[in-house]
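Written out below as structure tokens is the structure these notes cover.
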Amino acid sequence: NISFQQMDAQQMTFADASFDTVTISNSLHHMDDPRLILAEIWRVLKPGGRVVITEMYRDNQTEEQLTHVYMHHFWAAADSARHVTHNETYTRAELSALVGELEIDKLTLLDYANLESDPKDSKLIDMLNSRLDMYKERLQDLPNKDELQKQLDMCRQRLVDTGFHGATSLIVVGQK
């Protein structure tokens, strides 16, 4: 019994204290003002309710994970050049400080990384190259396309030379 609603995350139409659990995953860096989003999450969360926030971060990564970070920063730069909100990833300390502004009880911070897969798996590399191809098409009309093309080329080379693992995510679990 699930329904989906699309609305502005900065001004949700839900009443105060509407939800037992609110979660956001890998989205804060896509928001113009993540503090407003977190304040809205807090507003719609019931007292005693749980919040779960997951967001990748850029520091303290393996070389294979840095490929993900660099690719993500390329995607952010390309999207931003097209006036689409997409910021570079946070550092772990920036994320901790951001969620620390909420008055979260029973706060747990977990770092999650999956480093078990083959970082040079051909299916994964092909899929990521396809994603880069999609972005390459979007560069054609941008004034900084040469700079972005250099970033894209560096990302492709890292896929070949270093491989890819997803960046570590910070998982924040707490209670209002």
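Has region 96-119 got any residue that is closer than 26 Å to residue 148 by Cβ and out of contact with any helix residue (DSSP H, G or I) (no Cβ under 6 Å at 6 or more places or on another chain)?
no
Which residues, counting only those in region 48-60, are assigned to a strand (DSSP E or B) and either crowded, with 17+ Cβ neighbours inside 10 Å or at pLDDT below 95 (or both)?
Those that are assigned to a strand (DSSP E or B) and either crowded, with 17+ Cβ neighbours inside 10 Å or at pLDDT below 95 (or both): 49, 50, 51, 53, 54, 55, 56, 57.
Select, from 57, 70, the only residue that is within 14 Å of the chain's Cα centre (by Cα) and closer than 23 Å to residue 174 by Cβ. Break it down stepwise before answering.
Working: 70 fails: closer than 23 Å to residue 174 by Cβ.
Sole residue among the options that is within 14 Å of the chain's Cα centre (by Cα) and closer than 23 Å to residue 174 by Cβ: 57.
Considering only region 19-39, state which residues are over 22 Å from residue 92 (Cα atoms) and either surrounded by 14 or more Cβ atoms within 10 Å (Cβ to Cβ) or touching an Asp or Glu at 6+ places or on another chain (Cβ under 9 Å) (or both).
Across region 19-39, the qualifying residue is only 19.
Please find, among 93, 113, the residue that is under 22 Å from residue 24 (Cα atoms), at pLDDT 95 or above, exposed (fewer than 14 other Cβ atoms within 10 Å of the Cβ) and not aromatic (Phe, Trp, Tyr).
None of the other options fit; the residue is 93.
Restricting attention to region 134-143, which residues are under 15 Å from residue 83 (Cβ atoms) and open to solvent by 50 Å² or more (accessible area, probe 1.4 Å)?
138, 141, 143 - these are the residues of region 134-143 that are under 15 Å from residue 83 (Cβ atoms) and open to solvent by 50 Å² or more (accessible area, probe 1.4 Å).
The values are calculated or read from the model by the stated rules, or taken from the named source; none is laboratory data. Source: prediction; values computed, not measured. Positions of Cβ are backbone-derived with ideal geometry, glycine not excepted, and every protein chain shown enters the neighbour counts. Areas reflect the complete protein model, heavy atoms only, side chains present, ligands, DNA and RNA absent. Shrake-Rupley method; radii C 1.70, N 1.55, O 1.52, S 1.80 Å.
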